[in-house]
Amino acid sequence: MRDYFLHHLTDREFEQLVALICTRWFGEGLTPFAEGVDGGRDARFFGTARTYPSTTAPWHGHIVVQAKHTATPSASCSDSDFKAYFDEGKKSEVPKVERLIKEGILDCYIVFANRKLTAGADEKILKKLRSLPIGDCAIVGLERINQFLRENPDVARTLPTREFLRPFEFEPDDMVEVITAVHGAIQMDGSRFSSASDFESVNKKKVKNGVNRMSDAFYKDVIVNTYMPLFGKLKAFLENERNRAYRDIYHDVADELRQKIILFRDRFDRFEEVITFLYEEVRTKRPELKGKRRYVTFLLCYMYDDCDIGERENMP
């Protein structure tokens, strides 16, 4: 799933994106973000929303929009600094919401945040807001914003055309050549593979995973359980002198990726985000790989496990 790296935007750029989304959801009458007398910044709409939350039951009345941007790539709506907006304290938005309700200029309230919104993370916040005399309220997290951008590429194209919005460029031609050869030599049957995993290697990789910020869940489920049983076959394929040309291409690809990952590593949080980004690069640029796409992840996981990409364990 594509990530638009919204944590790299400025606060104002994120507000501009939110305003574009709200114009689609609510209508052209949206008043863009502006600073109020209390120093807060809101966007506002009055009328009947076009499509939000649905065309059959759209919001109606005075809609107040807020945008809460963070530069932290792994931020969540469960984090204390986000919850502080709705708890008692200096950062709280609740007194402002109460005041706007009393003034008759807030019927519905929506907050956009470029943070992960896990199931149930918004329930406590929304419960508190819905205890006020308000029509409805909502929190829109990173997943929904990214979904909107995928469904509306014209809006995605309005994002600042900075090089950091794409972590780095990668042309997958050489990788595809290796994948095609590996696909012909190594068969993957079923969703899990029966060969034994090298658990001694798994234990040794715990330090490497910590250095590279590879999550235990991804390493165990994707690398160990899914692809590691086939690493021996891939190693044998690459070491076979008949496949010397593919081995040379493999090392060229790994060397290019290693250098780019080192240079742009700070644009990702977990290392699996690097793997997912590269998978998406190959998937979108080489649609002819349909039916072989799992070999992209297979090859990248092998590169990681074989220390061709990613930092090695710290030496004593």
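The values are calculated or read from the model by the stated rules, or taken from the named source; none is laboratory data. In this text the structure is predicted, and so the values were computed from the model without any measurement. FYI the Cβ positions are ideal-geometry reconstructions off the backbone, even for glycines, and counts take in every protein chain you see.
Details
- Within the set Arg286, Arg270, Arg312, Arg293, the sole residue that is without any contact (Cβ under 8 Å) to a residue 40 or more places away in the chain and basic (Lys, Arg) turns out to be Arg293.
- Enumeration of residues in region 92-135 that are in a loop (DSSP other than H, G, I, E, B) and more than 24 Å from Asp269 (Cβ to Cβ): Ser92, Glu93, Glu103, Gly104, Ile105, Leu106, Asp107, Ser131, Leu132, Pro133, Ile134, Gly135
- Figure legend. Inter-residue proximity from region 18-30: first residues within 19 Å of Leu106 (Cβ to Cβ) and surrounded by fewer than 17 Cβ atoms within 10 Å (Cβ to Cβ), second residues at pLDDT 95 or above and not small (Gly, Ala, Ser), beta-carbon distance below 9 Å, spacing 6+ or different chains. Indicated pairs: Gly29/Thr23; Gly29/Phe45; Gly29/Phe46.
- Condition check for Glu288: over 21 Å from the mean Cα position of the chain (by Cα), in a helix (DSSP H, G or I) and closer than 23 Å to Arg150 by Cβ: yes
- In a residue-by-residue description of region 250-266, the property of being part of a loop (DSSP other than H, G, I, E, B) and not aromatic (Phe, Trp, Tyr) applies to no position.
- Residue within region 151-161 that is surrounded by fewer than 18 Cβ atoms within 10 Å (Cβ to Cβ), of a type in the set (S, T, N, Q) and farther than 28 Å from Ile262 by Cβ present: yes
- Scanning region 207-237 for residues that are farther than 16 Å from Ile275 by Cα and surrounded by 18 or more Cβ atoms within 10 Å (Cβ to Cβ) returns Leu230, Phe231, Leu234, Phe237.
- When residues of region 106-122 are limited to those that are of a type outside the set (D, E, K, R) and at pLDDT 95 or above, the one nearest to Leu20 (Cα to Cα): Phe112
- So Leu165, is it among the hydrophobic types (A, V, I, L, M, F, W, C), farther than 27 Å from Gly291 by Cα, modelled with pLDDT under 90 and buried (at least 17 other Cβ atoms within 10 Å of the Cβ): no
- Selection count, region 41-72, where residues are assigned to a loop (DSSP other than H, G, I, E, B) and surrounded by 19 or more Cβ atoms within 10 Å (Cβ to Cβ): 5
- Residue within region 272-281 that is more than 26 Å from Val207 (Cα to Cα) and in a helix (DSSP H, G or I) present: yes
- Identity of the residue in region 242-270, among the aliphatic types (A, V, I, L, M) and surrounded by 12 or more Cβ atoms within 10 Å (Cβ to Cβ), that ends up farthest from Pro172 (Cα to Cα): Ile261
- Where a residue in region 111-125 is more than 19 Å from Asp136 (Cβ to Cβ) and its partner, wherever it lies, is assigned to a loop (DSSP other than H, G, I, E, B) and not β-branched (Val, Ile, Thr), with Cβ under 6 Å and at least six apart: Asn114/His69; Arg115/Ala75; Arg115/Cys77; Arg115/Gly141
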